[in-house]
Each structure stands twice: as C-alpha cells, then as structure tokens.
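Right, one structure below, let's go through it.
The values are calculated or read from the model by the stated rules, or taken from the named source; none is laboratory data. As the structure is a prediction and not an experimental result, all values here were calculated from the model. Positions of Cβ are generated from backbone atoms using ideal geometry, with glycine treated the same way; all protein chains shown enter the neighbour counts. Ligands, DNA and RNA are excluded from the accessible area calculation, which covers all protein heavy atoms including side chains. Shrake-Rupley method; radii C 1.70, N 1.55, O 1.52, S 1.80 Å.
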Amino acid sequence: VRLVQSGGGLVHPGGSLRLSCACSHNLIRALYSGWYRQIPGKERELVAGITTDGTTNYADSVQGRLSISRDNDRNTLYLQMNNLKPEDTAVYYCGLPHLNVWGQGTQVTVSS
C-alpha cells in the first residue's frame, strides 16, 4: 500500500493551500485516515481525521480553518487549509495509522 502526496509549498499568512493524498488501494474509505504534521524536534501530531462513516475530527488549533475530505472513487484524501498562520508551518503527512502507512510528507511554510 502506498500513499502519494501532492500540494504544499510557501504561502503568506491568511493564504490557502490544498494537500492531496492518493492511495494505491481502495482503503481511504475503508479505514480511518488522517492528516498529521511534524515540526523538527517535536512529535507528529494529528491535524484532522476522517472515519469510515465520514465523521471528521480536528485539532483545536486548526478547527474552522482546515477541512479534511475524501474522494472515494479516486481513493484520494484531501486537506483544504484556509487562513493559514505561521504556526501551521510543518511537514504534513497523510496516513492510515492502523496500517502504519504514511505518505512521503510535504513541506508547508507560512511566512510573509
């Protein structure tokens, strides 16, 4: 099973980005999946997750600004990030934690 990420980059504060995560197998809707981020020297943290029935959960720090979704037909997970802040700067990973399968990571930098 492979997760291939795309998106990310440099954006100004208040800007938006969308991350994508394509799964090689039909697992995005079959398992809990999520977006995580990691800052150097800190542990990886859950940003947003989505259950098999579509229930979503978010870290308090991103509630109302980031939105997780999926396209079952494309086996793809998305993270729409709006009103980005400098503290959102991190490497973002998509993941299927129950399988311990992770995307390659993508850098998101929010800076003026």
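The number of residues in region 89-102 that are open to solvent by 10 Å² or more (accessible area, probe 1.4 Å) and either part of a loop (DSSP other than H, G, I, E, B) or more than 19 Å from residue 65 (Cα to Cα) (or both) comes to 7. Contact map, region 37-51: residues that are polar (S, T, N, Q) paired with residues that are part of a loop (DSSP other than H, G, I, E, B), Cβ distance under 6 Å, separation 6+ or inter-chain. Pairs shown: 38/44; 51/32. The single condition among (1) of a type in the set (Ser, Thr, Tyr); (2) free of Cβ contacts under 8 Å to residues at least 40 places away in the same chain; (3) closer than 18 Å to residue 109 by Cα that residue 69 does not meet is (3).
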